[in-house]
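Reading through the structure tokens given below for one structure.
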Amino acid sequence: MSKKETKIYKNVWKPGTENVQSTSINFDSSSSIAAHAGKLFTVKNTTTENRIYKVESLSYAEDGLIEVAGSHAPVNASDQLTVLQGWDTSTHFKIERT
């Protein structure tokens, strides 16, 4: 009986690069696994958005995997947080002095 090869096709991104790569990974080959060390598996979108990401926590899960918790916020074309736009205008806030 022959061993069935475990090969999958996924999109991966390597930190420090701009593009997502489509690749195949053979999980029966240690050299194939090593070639993808440090890369993130991802879903490739056809559109892009500018966002700011913040990692809230990194922790070990009960199953030994690493859990990442984070948040993101959209930015405008000038890379400014959209949630902060217009907060300093007089129409949004009224300062009362007594």
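A search for C-beta distances below 7 Å between a residue of the stretch 52-74 that is assigned to a strand (DSSP E or B) and any residue that is loosely packed, with under 10 Cβ neighbours inside 10 Å and among the acidic types (Asp, Glu), counting only pairs 6+ apart in sequence or on different chains, returns ALA69/GLU56; GLY70/GLU56; SER71/GLU56; PRO74/GLU49. How about the stretch 75-92: which of its residues are hydrophobic (A, V, I, L, M, F, W, C) and either exposed (fewer than 10 other Cβ atoms within 10 Å of the Cβ) or part of a strand (DSSP E or B) (or both)? Scanning the stretch 75-92 gives VAL75, ALA77, LEU81, TRP87.
For the stretch 58-98, give me the residue count where each residue is polar (S, T, N, Q), under 18 Å from the mean Cα position of the chain (by Cα) and under 25 Å from VAL20 (Cβ atoms). Lay out the reasoning, then the answer.
Looking only at the stretch 58-98, we keep the residues that are polar (S, T, N, Q), and these are 59, 71, 76, 78, 80, 82, 85, 89-91, 98.
Restricting the remaining residues to those that are under 18 Å from the mean Cα position of the chain (by Cα) gives 59, 71.
Subsequent filtering for residues that are under 25 Å from VAL20 (Cβ atoms) retains 71.
Qualifying residue count for the region: 1.
Here ASN50, ASN11, ASN45 are screened, and the one residue that is at pLDDT below 80, under 16 Å from the mean Cα position of the chain (by Cα), surrounded by 10 or more Cβ atoms within 10 Å (Cβ to Cβ) and polar (S, T, N, Q) is ASN50. When GLU62, GLU67, GLU56 are checked against the criterion of being surrounded by 10 or more Cβ atoms within 10 Å (Cβ to Cβ) and either on the phi > 0 side of the Ramachandran plot or modelled with pLDDT of 85 or more (or both), a single residue qualifies: GLU67. Could you count how many residues in the stretch 17-37 are under 18 Å from the mean Cα position of the chain (by Cα) and among the aromatic types (Phe, Trp, Tyr)? Of the residues in the stretch 17-37, 0 are under 18 Å from the mean Cα position of the chain (by Cα) and among the aromatic types (Phe, Trp, Tyr). Only one entry of LYS54, LYS10, LYS14, LYS39 meets the criterion of being farther than 24 Å from LEU81 by Cα and in contact with a Gly (Cβ under 9 Å, 6 or more places away or on another chain), and that entry is LYS14.
The values are calculated or read from the model by the stated rules, or taken from the named source; none is laboratory data. Keep in mind the model is a prediction, meaning the values are calculated, not measured. Backbone-built Cβ (ideal geometry, glycine too); neighbour counts: all protein chains shown.
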